[in-house]
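No lab work stands behind these numbers, since they all come straight from the coordinates. Small disclaimer: the values here were computed from a predicted structure and weren't measured. Cβ atoms come from the backbone with ideal geometry, glycine included; neighbour counts cover every protein chain shown.
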Amino acid sequence: MGFNIAIDGPAGAGKSTIAKKIAQRLSFIYVDTGAMYRAMGLYMWRNKIDVEDEQAVSKACQNITVTIEYQDGEQQVLLNGDNVNDYIRNELVGELASKVSAYSVVREKLLELQRDMAKKGDVLMDGRDIGTCVLPNADLKIYLTADTSVRAQRRHLELMKKGIDTDIKEIEADIIARDLRDMKRKIAPLKKADDAIEINTSKLDIKEVIEIVIDLVEEKRAK
Ligand code: DC
């Protein structure tokens with residue numbers, strides 16, 4: 001068995017940026033589970049399926065296969081065989097992913113894939129329920145958070161860099177709505193695992209967070 005690291009936390013806490021860099025430094029396989037839910041959300045949007053309709057979403061799940069591949073160490077998500085990486089990183093798909101992720105059929109479909117991926121060696125997986133549900137026996141669990149205003153600011157900056165001008169208050173409202181939805185759902189809600197270490201990144205830069213996590217990994221591995 002390899003070493004498993006679980007990183008959970010709310011939207012925009014910097015999980016994927018940080019997780020990707022740590023995985024590179026430690027030569028771990030990085031598994032971004034949010035991307036899998038995003039692929040499901042994208043399918044619903046492309047096929048005009050109402051994400052508020054659980055029955056319709058569950059039925060559509062029968063026609064969906066999500067698989068993961070790696071190209072130069074970068075995770076690629078395939079939706080029914082097509083690489084959809086370029087289409088899942090936007091606010092709309094994020095929201096659709098959050099909505100469909102509340103349904104049991106959707107979660108069950110991805111759970112097995114996620115657990116299989118964790119068996120592939122040293123793996124760092126990020127998401128919402130990794131420490132609590134997908135990998136309850138992970139060797140190290142991190143719960144990464146930041147204040148909502150800081151998360152909104154970071155997201156705003158990120159979008160500005162892409163040339164997209166947005167209203168920061170709107171972004172903050174979206175973040176709060178998404179957190180609430182992810183935390184209040186019945187199945188595998190976003191929650192800090194009892195044995196997870198919480199890191200609030202509001203006053204930390206990326207490098208500092210990476211160093212903290214790498215120290216924690218080394219501490220655990222030395223045991
Ligand atoms: O991390 P992200 O923004 O890519 O995730 C998109 C949505 O997918 C998130 O709002 C909730 C859902 N998700 C989940 O329910 N469980 C996970 N392990 C990862 C993501």
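Along the Cα-to-Cβ line of Ala222, 7 Å from the Cα, sits a label point; which residues in region 121-145 have backbone N less than 20 Å from it? What the label zone holds, given the 20 Å backbone N cut-off, is 139-142. Once the Cα-Cα distance is subtracted from the 0.36 nm per residue extended length, the Leu92 to Ser27 segment shows a gain of 20.2 nm.
Considering only beta bridges that DSSP places wholly inside the chain, some 30 percent are antiparallel.
In order along region 47-59, the Karplus-derived 3J(HN,Hα) couplings, from 6.51 cos²θ - 1.76 cosθ + 1.60 at θ = phi - 60°, round to 9, 6, 9, 6, 6, 7, 9, 4, 5, 5, 5, 4, 5 Hz, and Gly and Pro are given as x. In plain terms, the residue of Arg46, Arg128, Arg181 with the fewest other Cβ atoms within 10 Å comes first and the most crowded comes last, giving Arg46, Arg181, Arg128.
Sort Arg151, Arg115 so that the residue with the fewest other Cβ atoms within 10 Å of its own Cβ comes first and the one with the most comes last. Mind dumping the intermediate values first?
Working: Arg151 24, Arg115 12.
Ordered from fewest to most neighbouring Cβ atoms within 10 Å, Arg151, Arg115 come out as Arg115, Arg151.
Treating each Cα of the chain as an identical point scatterer and summing with the Debye formula, the log10 of I(q)/I(0) at q = 0.08, 0.09 Å⁻¹ comes to -0.27, -0.34.
Using Cβ contacts closer than 10 Å as the measure, can you line up Thr65, Thr166, Thr33 from fewest to most? Intermediate results must be reported in sequence, preceding the final value.
Details: Thr65 12, Thr166 15, Thr33 22.
Final ranking by Cβ density, sparse to dense: Thr65, Thr166, Thr33.
Taking a ≥ b ≥ c as the square roots of the Cα gyration tensor eigenvalues, with a/c under 1.5 meaning rounded and otherwise prolate when a/b beats b/c, else oblate, which class fits region 181-223? Since a/c reaches 1.5 but b/c is at least a/b, the shape of region 181-223 is classed as oblate.
Translational diffusion of region 78-182, estimated by Stokes-Einstein from the Kirkwood radius over alpha carbon pairs at 20 °C in a medium of 1.002 mPa s, is 134 µm² per second. Scaling against 2.2 N^0.38 Å puts the C-alpha radius of gyration of region 130-197 at 1.36. Only Cα pairs under 8 Å and 6+ residues apart enter the sum, and on that basis the relative contact order of the chain stands at 31 percent. Sequentially through region 125-133, phi angles give Karplus couplings (6.51, -1.76, 1.60; θ = phi - 60°) of 10, 10, x, 10, 10, 5, x, 8, 9 Hz, Gly and Pro residues having no value and appearing as x. Around the amide H of Ile197, modelled in the peptide plane, lie the amide H atoms of Lys141, Ile142, Tyr143, all under 5 Å away and 5 or more residues distant in sequence or on another chain. Taking the centroid of alpha carbons for each part, region 27-89 and region 183-223 are 25 Å apart. Mean projected area of the convex hull spanned by the Cα atoms of region 1-101, taken over all viewing directions: 7.2 nm². Using a Förster distance of 25 angstrom, determine the FRET efficiency expected from the C-beta separation of Met1 and Glu108, and round it to 0.05. So the FRET efficiency works out to roughly 0.60. Full extension of the segment from Ile214 to Leu157, taken as 0.36 nm per residue of separation minus the current Cα-Cα distance, would add 17.9 nm. Classification of region 55-122 by its C-alpha gyration tensor yields an oblate form. The axis ratio a/c (a ≥ b ≥ c) is 1.5 or more, and b/c is at least a/b. Distances between every pair of Cα atoms in region 33-84, grouped in 10 Å steps from 0 to the bin holding the largest one, split as 25, 53, 18, 4 percent.
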